[in-house]
């Protein structure tokens, strides 16, 4: 319950800014290329780790403090995780056949960033910007998707994750950096950017098996926002 109160408080703070004319509200969609750092015994035993490429999207709120500085927040859906793969070649009648499998770790998060925005070329047709600050996430569900391969790839039954287990940390605190451009159009503004997010907290920590897993990833987004007041962005 305390975790939800923290997220709600952040939204209330940003919501209170929306009464001012220098606030914009919009939406963003994009892709997240998720990976994870794996420490402990698992780092020795784990096969190849590949990114999990998924959709992300949500509502963004930006409040301009002056011509250069602002604050950006919002509420986003983001799937994080990674793909562990192991493949070997088996020779049958002098023909090498690929045999192996993969395991997708998927966790669905609600993310609320709180970023300082630094804008450049304010008032121009193309406005570069950078953003940085913390991002707070809460895992709502998770699952494992195993796949096998013997010449062709086939899916096995999904395995749900019990995130109430003590080895999982549903609340994630991360650092996030964003770079992009804004292009004014009519009363609103288009927004295109790329981001990097790295968790400071472990998604999984199992002291018995000596396994620690921490999320990180690269994202791309495109969006459009409109001012809530009469002032233009």
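Some observations on this one:
Okay, residues lined up against (1) within 28 Å of residue 28 (Cα to Cα); (2) touching a helix residue (DSSP H, G or I) at 6+ places or on another chain (Cβ under 6 Å); (3) modelled with pLDDT of 95 or more:
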| position | (1), (2), (3) |
| --- | --- |
| 48 | no, no, no |
| 67 | yes, no, no |
| 73 | yes, yes, yes |
| 99 | no, no, no |
| 132 | yes, no, yes |
| 145 | yes, no, no |
| 157 | no, no, no |
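- Complete set of residues in region 183-200 that are assigned to a loop (DSSP other than H, G, I, E, B) and either buried (at least 19 other Cβ atoms within 10 Å of the Cβ) or modelled with pLDDT of 95 or more (or both): 200
- Residue satisfying condition, being closer than 24 Å to residue 85 by Cβ and surrounded by 18 or more Cβ atoms within 10 Å (Cβ to Cβ), within set 157, 214: 214
- Cβ-Cβ distances below 7 Å connect the following pairs, each with a first residue in region 179-193 that is at negative phi and without any contact (Cβ under 8 Å) to a residue 60 or more places away in the chain, a second residue that is outside any strand (DSSP E or B) and crowded, with 20+ Cβ neighbours inside 10 Å, and a separation of six or more residues or different chains: 184/233.
- Among the residues of region 128-177, the one identified as assigned to a loop (DSSP other than H, G, I, E, B) and more than 21 Å from residue 105 (Cα to Cα) is 151.
- Flag if residue 110 is assigned to a strand (DSSP E or B), at pLDDT 95 or above and closer than 17 Å to residue 226 by Cβ: no
The values are calculated or read from the model by the stated rules, or taken from the named source; none is laboratory data. Keep in mind it's a predicted model, so treat the numbers as computed, not measured. Counting neighbours? That spans all protein chains shown, and the Cβs are built from the backbone with ideal geometry, glycine included.
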